[in-house]
Amino acid sequence: MLRTAVIGVGHLGSQHARIHAELASTGACEFVYVCDLDDQRAKRVADEWHAGSSIDWGDLIGKVDAVSLAVPTEAHAEIACSLFEAGIHVLVEKPIARSLAEADRMIAAARAGNTVLQVGHAERFNPALVALRPHVRSPVYFEIHRIGQFSARSLDIDVVLDLMIHDLDIVQWLVGEDVPVSSLHAVGIPILTNRVDAANARLEFATGAVANITASRVGTERIRKMRFFQPHDYVAVDYVTNYASISNLARPTTSPWPGVNTQVLEVENVEPLYAEITSFLQAIDARSQPIVSGEDGRRALSLALRTLKEIEEHTVRSGVNAYLQKA
């Protein structure tokens with residue numbers, strides 16, 4: 001039986017610990033360790049789920065087979081590469097790393113260690129999206145909004161790497177992972193922090209598909225919605241309520257005018273993080289490619305970094321234009 005652990009048990013890591021414990025109760029794994037730099041927090045979470053605790057992730061080597069890694073992004077590469085070298089499988093929270101070079105190191109280390117590297121893009125496991133995916137064909141235009149209320153977590157990264165990266169990953173997945181983004185325009189501003197807190201990106205793909213994505217972490221309500229058009233269909237997804245529907249023209253019956261037929265998809269209500277961790281353990285057991293691989297995580301990171309670069313360049317251009325207008 002796989003011995004598992006969670007490294008980093010802050011807001012999200014504590015949810016990983018809960019699910020590891022739930023899976024252990026079903027016999028899917030043996031949850032043995034919690035690790036966090038905060039000794040009191042590590043002990044509190046470990047006691048709650050009847051596991052051991054440590055403040056040093058190095059203590060886990062030789063004692064576990066697989067871990068969820070939910071530490072700040074800056075530490076992903078160092079910890080993950082050491083674990084891979086020790087033959088330990090890793091589910092790392094998104095973004096995969098700070099840079100493409102670090103992502104490449106992690107992918108290479110996982111391959112050299114013959115281990116599974118899965119990246120925590122949990123929206124891939126959202127029940128609404130799982131139900132919708134078989135119906136997606138050649139999407140043309142996306143409108144996506146991801147708005148969150150401000151919190152003190154994840155302030156080490158911009159909103160693009162914190163929230164928008166989910167939708168950058170999903171759009172690439174639905175359009176086609178091998179379809180290049182031919183054009184990208186983005187704007188963003190800091191509001192409550194010194195990093196970008198709200199951003200908008202417009203992506204154009206080589207197929208002609210266009211995606212308009214808005215993300216903010218300073219909203220007054222929680223919004224996670226995607227709408228897109230594909231030939232003959234209008235598709236709506238609400239990640240919060242697990243709702244997905246497909247609308248198209250219905251043949252006229254009593255009237256000469258066609259109506260609109262809306263099919264609400266049947267959704268299996270499974271917690272995305274639970275499905276994500278379950279798939280991670282299954283990939284290890286089957287020695288198969290995980291649903292969200294290191295390469296997938298790198299692809300999403302590449303697009304997110306490209307978006308941030310465009311935001312920076314737009315800010316510079318706007319500053320220059322503002323100066324010239326005043327002159």
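Quick note: the coordinates plus some simple rules give every number you see, no bench work behind them. Please read all numbers here as calculations on a predicted model, not as lab measurements. All Cβ positions, glycine included, derive from the backbone under ideal geometry; neighbour counts span all protein chains shown.
A few remarks follow.
- Cα gyration tensor category, rounded, prolate or oblate, for the stretch 179-257 with a/c compared to 1.5: oblate
- Residue-averaged 222 nm ellipticity for the chain, from DSSP H runs of 4+ at -39500 (n - 2.57), nearest 500: -11000 deg cm²/dmol
- Global form of the stretch 109-174, assessed from the alpha-carbon gyration tensor, a/c cut-off 1.5: oblate
- Mean Cα-pair separation over length for the stretch 98-236, i.e. relative contact order, pairs under 8 Å, 6 or more apart, %: 32
- Loop-resident sites, the stretch 95-177, for GluC sites (Glu not before Pro), counting at most 16 other Cβ within 10 Å (DSSP): GLU177
- Shape category assigned to the chain from the gyration tensor of Cα positions, a/c cut at 1.5: oblate
- C-alpha long axis of helix 76-85 to longest principal axis of the chain, angle in °: 50
- Computed E for LEU192/ALA250 - FRET, C-beta separation, R0 51 angstrom, nearest 0.05: 0.65
- Here each label is just a point 7 Å from Cα along the line to Cβ, and for LEU155 and GLU85 those points are 3.4 nm apart.
- For the chain, the relative contact order works out to 18 percent when only alpha carbon pairs closer than 8 Å and six or more residues apart are counted.
- Modelled FRET efficiency - R0 30 Å, ASP47 with MET1, Cβ distances, 0.05 increments: 0.85
- Relative contact order (%) - criterion: Cα under 8 Å, at least six apart; region: the stretch 39-144: 20
- Most mobile of LYS63, LYS94, LYS225 in a GNM of the chain (Cα contacts under 10 Å): LYS63
- Computed lengthening from ARG287 to ILE223, 0.36 nm per intervening residue step minus Cα-Cα distance: 19.4 nm
- Net charge over other residues, Cβ less than 15 angstrom from the Cβ of HIS314 (K, R count +1; D, E count -1): 0
- Local electrostatic count at GLU102 - Lys and Arg +1, Asp and Glu -1, tallied over other residues with Cβ under 13 Å: 0
- Order of LEU100, LEU174, LEU91 under a 10 Å beta carbon neighbour criterion, fewest first: LEU100, LEU174, LEU91
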